[in-house]
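One structure below.
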Amino acid sequence: MKTKTKPVKLSPKRAVATITAHPVVPLKDRRINFGNKWDYAPAPEDSKNYRIAPRHELFIDGKFSAPAAPKYFDTINPATEEKLSEIAQGGEADVDRAVKAARRAYEKVWSKMPGRERGKYLYRIARIVQEKARELAVLESMDGGKPIKETRDVDVPIVAAHFFYHGGWADKLQYAFPGRTPRPLGVVGQIIPWNFPLLMAAWKIAPAIACGNTVVIKPSKTTSLTLLRLAEILREAELPDGVVNVITGIGETGNHIVKHPDINKIAFTGSTEIGKQLAQLTVGTGKKLTLELGGKAANILFEDAPIDQAIEGVIAGIYFNMGHVCCAGSRLLVQESIYAKVVKKLRDRIQTLRIGNPLDKNTDIGAINNRPQLEKIREMVQCGVTEGAELNQSTCPLPAKGYWYPPTFLTGVTASHRVAQEEIFGPVLSVMTFRTPEEAFERANNTPYGLSAGVWTDKGSKIFKMVNKLRAGVVWANTFNKFDPTSPFGGYKESGFGREGGVQGLGAYCRLD
Ligand code: NAD
Ligand code: MN
């Protein structure tokens, strides 16, 4: 049974009231709050037997230890706003201690170890991640707000896959770069965001240590728990002390890592704004740098595409991980002849998405990761409406506590609107139209970003034509948001530079003589 939402035409004055007027209900008994008439019974993953330590320290030189200055911040569950634990805030002295440990480990042990031995550790880490998959998925959902369906079926399996894949490369690096002699770079500083906390850690750590580097890594302030759990796994795998060090903290902590004189490479994933600052900080220092920044990907839907499959792909492209995805398909370009049909199908489909308890196995849309992000999404949607776009939103009730935003799309968006140009990083799709393939790729390329794109068509020839014209690091055809450790990932223009994953990703962690 489907309920239809009508597009709301709003005058700028009325807009605020209408946008925030969502039915609010308490998130009781871990139940999902159903937006439609029929539904499944609640099916929450149990977290009762899993105890989270009240305080978490820094992981330096194979041991957990307190920061030099005793500063701690809270990490909360964004679905309930309950405090989960206290996390140590690393300062300059702690970063220095971690870099020294990493340097010692690099010189004494890790860079000297034959690749086939390094590889064994990566395999061991991968297997322990698989053993603890359920626990990691639950923890990731609690700390970050992601639905368990995603942490369980996407994040954690790909984390294991990254360690397996790079474990395989550790003793074969000379084959990855024929005729060259790949050598490790030294100590690598890595800074990661909150949208895929454990997965981004695996993307960064696995290739770095496979190539013989040692690591100092900093998670985002709101999502430190799974990386700290991974640190325990590294200990269980008997990874030599100091090979991977975890310094939890805030932006300033990251800044100390970037500025440390004994770091040879910085790998950063996060906002374009901070990425640009880091580029300035590292220029002329001899530090290597890779940046993975924002995106504003276009999903291009041709009239000859299988529409229902394409709608599912568009939905997955934007609402996966609440749109907290740098490569999210946040712009939909629809061929004019099928526009009305597509908008109707989208309206019906968002109404059936289940929003609520991230630990429930039926939840499609979890909590927005943090309050500033929720504010930013609200502000951007408001801006779209003020600039003349029409708001289409699921009428599902939202839990009373926590940070929530209903699945949304905007129609009547023009290329100059902010919602067509800027990253929203939330469950908000901007819909536009095109007539010819030429117009499609011109519109798709008309942003400062170039991370990813999607093409939906029945014709293989059209896919190849589009792929050659799209200025995007990844182009998906008749699918979206699929990740694999063997595929390089990374962008053009303001989406950053360098590649992660695949042979290209390995190259970013080696000196090639
Ligand atoms: P951010 O860029 O501020 O933070 C990313 C990481 O960098 C975090 O670990 C943070 O602590 C660290 N950091 C912040 N300032 C730093 C500095 N001066 N030096 C070194 N490290 C620093 O991103 P955010 O505040 O978490 O989110 C802001 C916006 O960034 C979001 O609204 C979203 O648009 C975008 N974002 C993009 C991605 C992505 O994957 N490309 C991921 C998260 C956020
Ligand atoms: Mn948290």
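Please treat every number below as a calculation from the coordinates, not as lab data. Note that the structure is a prediction, hence the values are computed from the model and not measured. For neighbour counting, all protein chains shown are included, and Cβ atoms are generated from backbone atoms with ideal geometry for every residue, glycine included.
Which of the lysines could a cross-linker bridge to LYS344, judged by Cα under 20 Å and excluding same-chain residues fewer than eight apart?
Once the sequence-local lysines are set aside, what remains near LYS344 is LYS2, LYS4, LYS6, LYS9, LYS37.
Karplus couplings for segment 274-286 from phi (6.51 cos²θ - 1.76 cosθ + 1.60, θ = phi - 60°), rounded to Hz, Gly and Pro as x?
5, x, 5, 4, 5, 4, 5, 5, 9, 4, x, 9, x
For segment 298-486, what does the relative contact order come out to in percent, with C-alpha contacts under 8 Å and a separation of six or more?
Normalised by residue count, the contact order of segment 298-486 is 29 percent.
Residues with amide H under 5 Å of LEU451's amide H, sequence separation 5 or more or different chain, H placed in the peptide plane at 1.01 Å from N; which?
Under 5 Å from the amide H of LEU451: LYS296, GLY473, TYR492.
Once amide H atoms are built 1.01 Å from N in the peptide plane, which residues 5 or more positions from GLU292, or in another chain, come under 5 Å H to H?
Here PHE268, THR269, GLY270 satisfy the definition.
Please tell me the relative contact order of segment 47-140 in percent, rounded to the nearest whole number, where contacts are Cα pairs under 8 Å and at least six residues apart.
Rounded, it is 23 percent for segment 47-140.
Among all the lysines, which ones have a C-alpha under 26 Å from LYS100's C-alpha, if same-chain residues fewer than 8 places away are not counted?
Within the straight-line limit of under 26 Å, LYS100 reaches these lysines: LYS63, LYS71, LYS108, LYS112, LYS120, LYS204, LYS218, LYS221, LYS259, LYS265, LYS287, LYS288.
Rounded, prolate or oblate: pick one for segment 298-486, where a ≥ b ≥ c are the square roots of the eigenvalues of its C-alpha gyration tensor, a/c under 1.5 means rounded, and failing that, prolate if a/b is larger than b/c, else oblate.
prolate
Whole-Hz Karplus ³J(HN,Hα) for segment 228-240, in order, using 6.51 cos²θ - 1.76 cosθ + 1.60 and θ = phi - 60°, x for Gly and Pro?
5, 5, 4, 4, 5, 5, 4, 5, 4, 7, 6, 4, x
Within 10 Å, count the other beta carbons around each residue, average over each peptide in 219-232, 331-344, and list them highest first. Walk me through the numbers on the way to the answer.
Values: 219-232: 23.9, 331-344: 18.7.
Going from most to least packed, we get 219-232, 331-344.
What is segment 312-394's relative contact order, in percent, from Cα pairs under 8 angstrom and six or more apart in sequence?
Normalised by residue count, the contact order of segment 312-394 is 24 percent.
Which value in deg cm²/dmol, rounded to the nearest 500, describes the helix-derived mean residue ellipticity at 222 nm for the chain, given -39,500 (n - 2.57) per DSSP H run of n ≥ 4 and division by the residue count? Working shown, then result.
Numbers: 17 runs with 187 residues, N = 513.
When only DSSP H runs of four or more count, the value is -11000 deg cm²/dmol.
Which one of SER85, ALA170, ILE128 is farthest out on the positive end of the charge dipole of segment 75-223, using unit charges on Cβ (Lys, Arg +1; Asp, Glu -1) and the Cα centre as origin?
Value: ALA170.
With Cβ to Cβ distances under 14 Å as the rule, what net charge do the other residues near TYR492 carry (K, R +1; D, E -1)?
+3
With both partners inside the chain, how many of the DSSP beta bridges are antiparallel, as a percent to the nearest 5? Can you show the working numbers first?
Details: 24 of 66 bridges.
Looking only at bridges with both residues in the chain, the antiparallel portion is about 35 percent.
Please state the charge dipole magnitude for segment 173-275, taken about the Cα centre, from unit charges on C-beta atoms (+1 on K and R, -1 on D and E), reported in debye and rounded to the nearest 20.
Computed charge dipole of segment 173-275: roughly 260 debye.
Enumerate the amide H contacts of ILE250 below 5 Å, restricted to partners 5 or more residues apart or on another chain; note that Pro and chain-start residues carry no placed amide H.
Distant-sequence amide H within range of ILE250: GLY90.
So how strong a dipole does segment 410-471 carry about its Cα centre when Lys and Arg Cβ are +1 and Asp and Glu Cβ are -1, to the nearest 20 debye?
200
Just want the answer: with Cβ charges of +1 for Lys and Arg and -1 for Asp and Glu, which residue in GLY505, ILE250, SER394 is farthest toward the dipole's positive end in the chain?
Working it through, the farthest residue towards the positive pole turns out to be GLY505.
Cross-link partners among aspartates and glutamates for LYS469, C-alpha distance below 16 Å, same-chain residues fewer than 8 apart left out?
Cross-link targets: GLU438, GLU439, GLU442.
For segment 372-380, in order, what is each residue's ³J(HN,Hα) by Karplus, 6.51 cos²θ - 1.76 cosθ + 1.60 with θ = phi - 60°, in whole Hz (x at glycine and Pro)?
Karplus values, whole Hz, x for Gly and Pro: x, 5, 4, 4, 5, 5, 4, 5, 5.
Mind checking the dipole of segment 466-513: about its Cα centre, +1 per Lys or Arg Cβ, -1 per Asp or Glu Cβ, Debye to the nearest 20?
Approximately 200 debye in magnitude.
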